[in-house]
Structures are given as structure tokens and as C-alpha cells.
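Down below is the structure, laid out as C-alpha cells.
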Amino acid sequence: MSSSIQEKYFTIYQDICVPVPRHAWDFFAKDDFTTGGYRLPDFGDLKKWNNRIYKNLIYYQSNYFLFFLVMVLVNFYNVLLWPAIFVGSIMMPKLIADNVHIENEQYESLLRNLGPIVIGSLMFWGFPQFVASVGILCVIILTVLVHASLRKRTWDNKLSNVVGKIKQKRTLMQDILNFFPEPIMSE
């Protein structure tokens, strides 16, 4: 077998494994830019195109997870903090209503009048950031799918998929792809 085929898997939960990341030269096709490491798929044959995406997602799964993790950490402020503020501002009325016992009528009227104003302004302030964070996540996922669609399968890729079928390793990407309907999945 070739030296680039990784046979080591990290077990993350019971029998779910993640293979070690592929080399950067394999992932970015540094050696194949001149010989055609990337090519537009045949848009007329959806079965071949889906098979290419599926096999590349399985082969480069740890690289895609690392890319996703790095992009989320780089955009931490937009991706994780703003949605947390937005969801927190939505949950605030329920938390206040359940946990605060109001003894004073004067304080109760202030909370009733000022509370919705503050919570509404937080929601209007946080909504654009929430939409931006969802957009950032969509761009990251689209980048992964475009790479999987454009990257030509190498012999190592094909051989690794055959070895993976023989070993019957259950991977995280296979579990994620099992949520999609059958025409998307490959035989």
C-alpha cells in the first residue's frame, strides 16, 4: 500500500472513529495543480458527481473537520458569541418570570414596563449578528462541499475507500452522511 494511506484511527466515542488527517500536499493537491488535481465535475451525471463528493468527504473527513474547527475558532466572536447573546435575550423573559419573586408593586411595574423594552432592544441588536453567524457557518460548509466536488479522486483515495470498506470502520462523517436521503449516499 502507499505511504499516504493512513491506517490509524482515533476512537472518539465507542465504535465511532476519525482517521488521522491527510497530508497537506494531498489535501491541497500541490503536486497536481499542473496535472489537474482539481476538475469541474460532470454536471450531467449526478450519480458520478454525488459519488465523487461522498468519497472525498469520507477520504478527507479529518481535514474537513479541522478546517471547520479552525474557521469557527477564527470567527469565534461572530459564530458563537453573538448567537449566545441572541438566544439568551430570547430566554430572559422566561427566566425572570420563573425565578424572581416580586414583592414590591412599584418594582413590579418598573420590571413589567422596562423588561420588554430591554429584551426587545437586545433582540433587535443581536439579530443581524445572529444572521451573520449563520451565514459564516454556511460559507464554511459550502467551501467544504466545493472542495469535495472539485477535487479529483487519486489512486490513494480509491484504495483507501476500498480498505475502509474491508475494515468496516464506522466514522463520524459516515454517520453525518447517513442523515441524508439515499440518492445522495453512494454504494
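General remarks:
- Here the calculated FRET efficiency for residue 142 and residue 113, from their Cβ-Cβ distance with R0 = 30 Å, stands at 0.10, rounded to the nearest 0.05.
- Length available on full extension from residue 92 to residue 77: 0.36 nm per residue minus the Cα-Cα distance, which gives 3.3 nm.
Read the figures in this text as sums done on the coordinates, not as results from a lab. Keep in mind the model is a prediction, meaning the values are calculated, not measured. Counting neighbours? That spans all protein chains shown, and the Cβs are built from the backbone with ideal geometry, glycine included.
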